[in-house]
Number of protein chains: 4
Amino acid sequence: MATTKPSLKLTHEGALKALAGAVAKAEELGVAQNVTIVDDGGNLLAFVRMDGAKLLSRETSMSKAITAASHRQPTSRLNPADEIKLAIAGGGRLTNLEGGLPIVIAGQCIGAVGVGSGTGAQDVEVARAALAAIDAEDQKP
Amino acid sequence: MATTKPSLKLTHEGALKALAGAVAKAEELGVAQNVTIVDDGGNLLAFVRMDGAKLLSRETSMSKAITAASHRQPTSRLNPADEIKLAIAGGGRLTNLEGGLPIVIAGQCIGAVGVGSGTGAQDVEVARAALAAIDAEDQKP
Amino acid sequence: MATTKPSLKLTHEGALKALAGAVAKAEELGVAQNVTIVDDGGNLLAFVRMDGAKLLSRETSMSKAITAASHRQPTSRLNPADEIKLAIAGGGRLTNLEGGLPIVIAGQCIGAVGVGSGTGAQDVEVARAALAAIDAEDQKP
Amino acid sequence: MATTKPSLKLTHEGALKALAGAVAKAEELGVAQNVTIVDDGGNLLAFVRMDGAKLLSRETSMSKAITAASHRQPTSRLNPADEIKLAIAGGGRLTNLEGGLPIVIAGQCIGAVGVGSGTGAQDVEVARAALAAIDAEDQKP
């Protein structure tokens with residue numbers, strides 16, 4: 001077998017474009033959000049906290065993004081019966097809260113977006129706008 | 001659009017006045033309390049642990065204050081179905097325990113008070129006394 | 001004396017403009033950077049990690065920004081004889097590394113920028129570009 | 001030998017009086033300070049951050065107070081050759097920075113005060129004012 005395999009990486013230009021798409025949608029909805037973009041390793045690429053967004057939702061948006069990148073699927077798909085056990089055993093970052101979506105381009109998960117401060121539905125809508133801004137595959141929650 | 005926007009800051013004199021109001025109410029109720037005052041960024045402004053107050057309730061009073069400042073509303077308003085998920089994904093500071101109230105003056109949230117060591121009802125009563133001492137908007141729990 | 005005092009807040013629009021100014025300068029210099037913008041309370045407002053920037057320099061850029069906001073002056077002005085003691089006693093965030101500058105507008109420190117991944121001189125140059133992008137006072141290191 | 005021995009405890013009334021003494025002296029000097037009062041166990045009793053005090057000096061004032069309570073002597077008396085080793089091995093709180101003084105009454109160390117944000121000399125002067133406010137033994141640095 002091969003020692004290496006090709007992969008795609010999300011650029012900072014892509015990350016900032018996704019961020020801008022999320023902010024524009026949040027402004028349209030009239031909701032202040034924290035928006036986090038991570039790479040496929042769950043490491044922070046870009047972030048913004050909008051005026052009036054809840055301060056602690058920075059951390060929830062981060063946890064949502066990291067979880068979506070890790071699991072390569074929208075957050076909120078874990079079995080509710082397991083979610084707290086997984087959250088604790090996963091070191092605190094693993095969350096089942098709505099608002100985290102993987103960034104999938106050309107069939108590869110190259111990162112994720114996490115949004116926090118609105119309702120769950122608003123968080124998801126803003127996260128989908130981030131995906132749309134960079135032509136990533138839409139992720140129905 | 002603008003780079004800055006005007007806002008209000010809570011002074012240390014205001015914070016100490018709020019602290020004194022809380023202590024006076026706690027003495028009237030005969031309950032020893034931890035009282036934490038934070039600014040709108042969740043950073044500690046003033047604190048007192050009264051004689052006999054539970055030591056670890058320092059941390060709960062801190063979490064209550066930070067949460068109330070972050071969310072700009074009394075703690076204990078989160079959906080109980082989400083509160084543990086939010087607490088974990090929010091890094092531990094986000095709490096739904098009673099006893100955290102935002103400090104709102106002239107319509108702006110300029111900080112928060114968190115009280116811990118009594119019953120939930122006592123904690124809220126003492127936190128409301130802190131608000132009253134500086135003419136902040138009352139916060140019904 | 002007063003319970004509150006007026007102040008200015010950095011908007012997310014201002015923070016994103018500062019971020020873009022820093023990225024443009026880093027591209028011009030041909031150096032990949034981590035750029036962190038915090039508010040006056042040291043809380044994260046905006047961030048980007050450029051393609052190829054050192055991963056761990058995210059944390060140094062964060063520490064530089066928080067220190068510059070805390071001390072309202074460029075990092076690297078502490079007495080070298082004290083800097084390690086201060087770093088440890090300050091909980092790890094307090095740093096004397098070059099590359100953190102306060103954001104001062106209308107005479108008020110409303111936040112700070114921290115840059116990390118290049119040389120100290122590059123970090124400072126990129127941080128100054130962030131300030132210039134929002135017409136903040138220049139900060140000679 | 002006996003199972004118990006009598007001791008003195010600093011009350012919250014004493015702690016708040018010490019805090020007020022420190023604030024009054026800091027205002028007289030025209031320097032904004034973080035003032036931390038801990039009990040003989042190094043646990044937080046009272047705190048205030050004055051308008052304009054350095055945010056991260058909250059942590060240094062805390063470290064100074066805990067160290068002075070622990071060692072029952074003013075900070076800055078450690079052998080400089082050992083201070084960094086002690087700081088690290090001591091878990092980060094042990095510091096040799098000026099500005100931490102034990103609170104000694106009737107020959108017993110019942111707590112400590114830590115002050116941070118000014119120069120070392122200002123920090124010590126403000127800490128001594130805290131001691132004077134509660135008739136504790138003066139501590140020449």
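Tabulated data
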| item | result |
| --- | --- |
| Residue D:68 vs. criteria farther than 20 Å from residue B:46 by Cβ, open to solvent by less than 60 Å² (accessible area, probe 1.4 Å), in contact (Cβ under 8 Å) with a residue 40 or more places away in the chain and touching a Leu at 6+ places or on another chain (Cβ under 6 Å) | yes |
| Residue in the range B:74-84 that is surrounded by fewer than 24 Cβ atoms within 10 Å (Cβ to Cβ), in contact (Cβ under 8 Å) with a residue 24 or more places away in the chain and among the basic types (Lys, Arg) present | no |
| Condition met for residue A:128 (closer than 30 Å to residue A:6 by Cβ, among the basic types (Lys, Arg), within 9 Å of chain B (Cβ to nearest Cβ) and open to solvent by 60 Å² or more (accessible area, probe 1.4 Å)) | no |
| Subset of the range A:44-65 (residues that are touching a residue at least 40 places away in the same chain (Cβ under 8 Å) and more than 12 Å from residue A:116 (Cα to Cα)) | A:45 |
| Scan of the range A:102-125 for residues that are under 11 Å from the mean Cα position of the chain (by Cα) and crowded, with 24+ Cβ neighbours inside 10 Å, ordered by number | A:102, A:103, A:111, A:112, A:113, A:114, A:115, A:116, A:123 |
| Residue list for the range B:79-116, restricted to those being part of a helix (DSSP H, G or I) and either of a type in the set (A, V, I, L, M, F, W, C) or in contact with a Gly (Cβ under 6 Å, 6 or more places away or on another chain) (or both) | B:84, B:86, B:87, B:88, B:89 |
| Residue tally, condition open to solvent by 10 Å² or more (accessible area, probe 1.4 Å) and not aliphatic (A, V, I, L, M), over the range C:17-38 | 6 |
| Residue check for residue B:75: closer than 30 Å to residue C:8 by Cβ, in a loop (DSSP other than H, G, I, E, B) and hydroxyl-bearing (Ser, Thr, Tyr) | yes |
| Test for residue C:48: is it at pLDDT 95 or above, open to solvent by less than 10 Å² (accessible area, probe 1.4 Å) and more than 11 Å from the chain's Cα centre (by Cα) | yes |
| Test: residue in the range B:15-22 that is at the interface with chain C (Cβ under 8 Å from one of its Cβ atoms), more than 12 Å from the chain's Cα centre (by Cα) and on the phi < 0 side of the Ramachandran plot | yes |
| The range D:116-135, residues that are out of contact with any Lys or Arg (no Cβ under 7 Å at 6 or more places or on another chain) and either closer than 24 Å to residue D:59 by Cβ or not aliphatic (A, V, I, L, M) (or both) | D:118, D:119, D:120, D:121, D:122, D:123, D:124, D:127, D:128, D:130, D:131, D:135 |
| Only one of C:2, C:65, C:53 that is within 14 Å of chain B (Cβ to nearest Cβ) and at pLDDT 95 or above | C:65 |
| Which listed residue is of a type outside the set (S, T, N, Q), open to solvent by 30 Å² or more (accessible area, probe 1.4 Å) and in contact (Cβ under 8 Å) with a residue 24 or more places away in the chain, from A:99, A:92, A:14, A:41 | A:41 |
| Check on residue C:112, in contact with a strand residue (DSSP E or B) (Cβ under 6 Å, 6 or more places away or on another chain) and more than 8 Å from every other protein chain (Cβ to nearest Cβ) | yes |
| Residue in the range B:110-123 that is modelled with pLDDT of 95 or more and more than 26 Å from residue B:55 (Cα to Cα) present | yes |
| Given (1) within 25 Å of residue C:82 (Cα to Cα); (2) within 12 Å of another protein chain (Cβ to nearest Cβ), index of the condition residue C:119 fails | (2) |
| Qualifying residue in the range C:52-62 (condition: over 14 Å from the mean Cα position of the chain (by Cα), within 22 Å of residue B:39 (Cα to Cα) and surrounded by fewer than 17 Cβ atoms within 10 Å (Cβ to Cβ)) | no |
| Members of the range B:68-100 that are among the small types (Gly, Ala, Ser) and more than 8 Å from every other protein chain (Cβ to nearest Cβ) | B:68, B:76, B:81, B:87, B:99, B:100 |
| Residue within the range D:70-91 that is among the hydroxyl-bearing types (Ser, Thr, Tyr), modelled with pLDDT of 95 or more and under 25 Å from residue D:30 (Cβ atoms) present | yes |
| Residue in the range B:27-37 that is out of contact with any Leu (no Cβ under 6 Å at 6 or more places or on another chain) and at the interface with chain C (Cβ under 7 Å from one of its Cβ atoms) present | no |
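The values are calculated or read from the model by the stated rules, or taken from the named source; none is laboratory data. Predicted model, so just to flag it, every value in this text is computed and none were measured. Note that we place each Cβ from the backbone using ideal geometry, even for glycine, and neighbour counts take in every protein chain shown. Quick note on the areas: whole protein, heavy atoms, side chains included, nothing else; ligands and nucleic acids left out. Shrake-Rupley method; radii C 1.70, N 1.55, O 1.52, S 1.80 Å.
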